[in-house]
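Note sheet for the following structure.
The values are calculated or read from the model by the stated rules, or taken from the named source; none is laboratory data. The structure presented is a predicted model; accordingly, all values stated were derived computationally and were not measured. FYI the Cβ positions are ideal-geometry reconstructions off the backbone, even for glycines, and counts take in every protein chain you see. Accessible surface is based on the protein model in full, side chains and every heavy atom, while ligands, DNA and RNA are left aside. Shrake-Rupley method; radii C 1.70, N 1.55, O 1.52, S 1.80 Å.
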Amino acid sequence: MTATRVVSLSLAALLASAPLRAQADKADTTASDLVRIAIERNRDFLALRQRVDEARGLLRQAGVRPVPTVEIEGATGRPLRTVGEEEYSAGYFHVVETSGKRDKRVQVARKSLDLVESEISERIRQLSFEIKTRYAEAVAEKRKLDAIDRLIGVNRESIRLTEARVSTGDAAPLEAQLLLTELNRADAQRAVLVGRLEGLQLDLRRIAGMARSDTLPLSDRLVVPGADYRLEELQERAARMRPDLRIARLLEEQAAAEVDLAEAQTHPDLTVSARYSQRNARFDAFGLNAAGAPVPLRDRDHIVTFGLAIPLLTRKRNQGNIDAAASRVVAARLRREYLEAAIPLELEAAYQRWSAARRYVDLLDRGVIEQSEKNLEVIRQAYNLGQLRVLDVLNEQRRLIETQLAYIDAQAEQFRAFAEMERAAGGGIQ
């Protein structure tokens, strides 16, 4: 077998590998499955979801009215040798909240519940982006590893055939040495790719809350929705749906509600009371009863008392809380205004990155990969005519595999750019 035939077989095996061009007809489901698994298993996220029940409990507690008080008293003079003096009473005290304090507490607690729910949406948005970017990197490394493995297999077969020809004097020993060098170079690349892939898979398991023993399926390609998106529509969508912007707005509303509550707390609550008392007294003097017989004199009184207690409060006693709540309003407003100004720019940057990555992939798909394959074919034909050396063919083959690896990187960049644009738009665009 001639050296030309060896190189031809190498090229055929390399180009007969799984296609590198991914179809963009539907959203990738594996990355979405990992997001779903993370929502179900990630304990840090599950801990955040517990705050919803906490906020609901605080909302229920905020609506509780002040409890009334029942007071029972008994008094006697016996310990002080004042025999005959006794008094018994029962009182009822009811606190009446003024200035709508209960409704204002409920309003603050309701904002807290809405805030926690928005924080969960924000965590899902960030978790989805984190998983998708790492997933893109992992799939890219896996595809690179597959391409290198195919190249290694081709080179080993080429070495075996060339060494057989060298032993018969049909080829120069240099050709075998060149092929061996290329094989060692591919082995070194493979070792690096294996380490990266294992690290990314472990990272994906960590984020998704999966055990090391759990199967982590990776797709053989990265699929990005092929739809066209308008920047203005995405910016309008982000203004409506960005969880972090909703959080900023809720924080502003909650701080305003806290100001109202602090203002209301400067007004004193009223305590309405009612008390029944019975007093018994006995005197040393005697009187006559209806039959004319002498009896000790006694006095028994039944008394009902009504009262109204008003604490003597002033605004200054709660001025610190009012000032603190007012400062939170200003801080929340500034944060909201910052996000409202920054989100369109953030989305535009992500959109431009995605557009550039998309154009790059299209150029590689149409004008580079195919042309590189044609270039290698021309060089191979020139080698057949004796105009080039086997080293020239190997160099062009190396450029082709590097171009294919660059194409994989470009697709991963397009996937990551889309995930970034999706995150900037509020998540969930298809």
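For the range 87-140: of the residues being in a strand (DSSP E or B) and open to solvent by 50 Å² or more (accessible area, probe 1.4 Å), which is modelled with the lowest pLDDT?
Glu87
Quick check, is Tyr351 of a type outside the set (S, T, N, Q), out of contact with any strand residue (DSSP E or B) (no Cβ under 7 Å at 6 or more places or on another chain), surrounded by fewer than 17 Cβ atoms within 10 Å (Cβ to Cβ) and farther than 30 Å from Arg399 by Cβ?
Here the answer is no, as Tyr351 does not meet what is asked.
Select from the range 200-225 the residues that are small (Gly, Ala, Ser) and open to solvent by 40 Å² or more (accessible area, probe 1.4 Å) and write down the one among them that is farthest from Thr133 (Cα to Cα).
So, considering only residues that are small (Gly, Ala, Ser) and open to solvent by 40 Å² or more (accessible area, probe 1.4 Å), the one farthest from Thr133 (Cα to Cα) is Ser213.
Could you tell me how many of the residues in the range 327-370 are within 30 Å of Glu258 (Cα to Cα) and of a type outside the set (Val, Ile, Thr)?
Summing the residues that are within 30 Å of Glu258 (Cα to Cα) and of a type outside the set (Val, Ile, Thr) in the range 327-370 gives 14.
Here's a check for you: in the range 281-312, which residue that is under 30 Å from His267 (Cβ atoms) and open to solvent by 70 Å² or more (accessible area, probe 1.4 Å) is modelled with the lowest pLDDT?
Within the range 281-312, the match that is modelled with the lowest pLDDT is Leu312.
Could you check the range 65-86 and list, in sequence order, the residues that are surrounded by 11 or more Cβ atoms within 10 Å (Cβ to Cβ), in contact (Cβ under 8 Å) with a residue 12 or more places away in the chain and in a strand (DSSP E or B)?
Those that are surrounded by 11 or more Cβ atoms within 10 Å (Cβ to Cβ), in contact (Cβ under 8 Å) with a residue 12 or more places away in the chain and in a strand (DSSP E or B): Thr69, Glu71, Glu73, Ala75, Glu86.
Restricting to the range 236-266, count the residues that are out of contact with any Phe, Trp or Tyr (no Cβ under 9 Å at 6 or more places or on another chain) and within 21 Å of Arg125 (Cα to Cα). Spell out how you get there, then give the answer.
Going residue by residue through the range 236-266, those that are out of contact with any Phe, Trp or Tyr (no Cβ under 9 Å at 6 or more places or on another chain) are 236-247, 249-266.
Add one more test, that the residue is within 21 Å of Arg125 (Cα to Cα), and what stays is 236-247, 249-251.
The qualifying residues number 15.
Is it the case that the range 185-207 has a residue that's without any contact (Cβ under 8 Å) to a residue 12 or more places away in the chain and closer than 15 Å to Thr30 by Cα?
Yes, there is a match, as at least one residue in the range 185-207 is without any contact (Cβ under 8 Å) to a residue 12 or more places away in the chain and closer than 15 Å to Thr30 by Cα.
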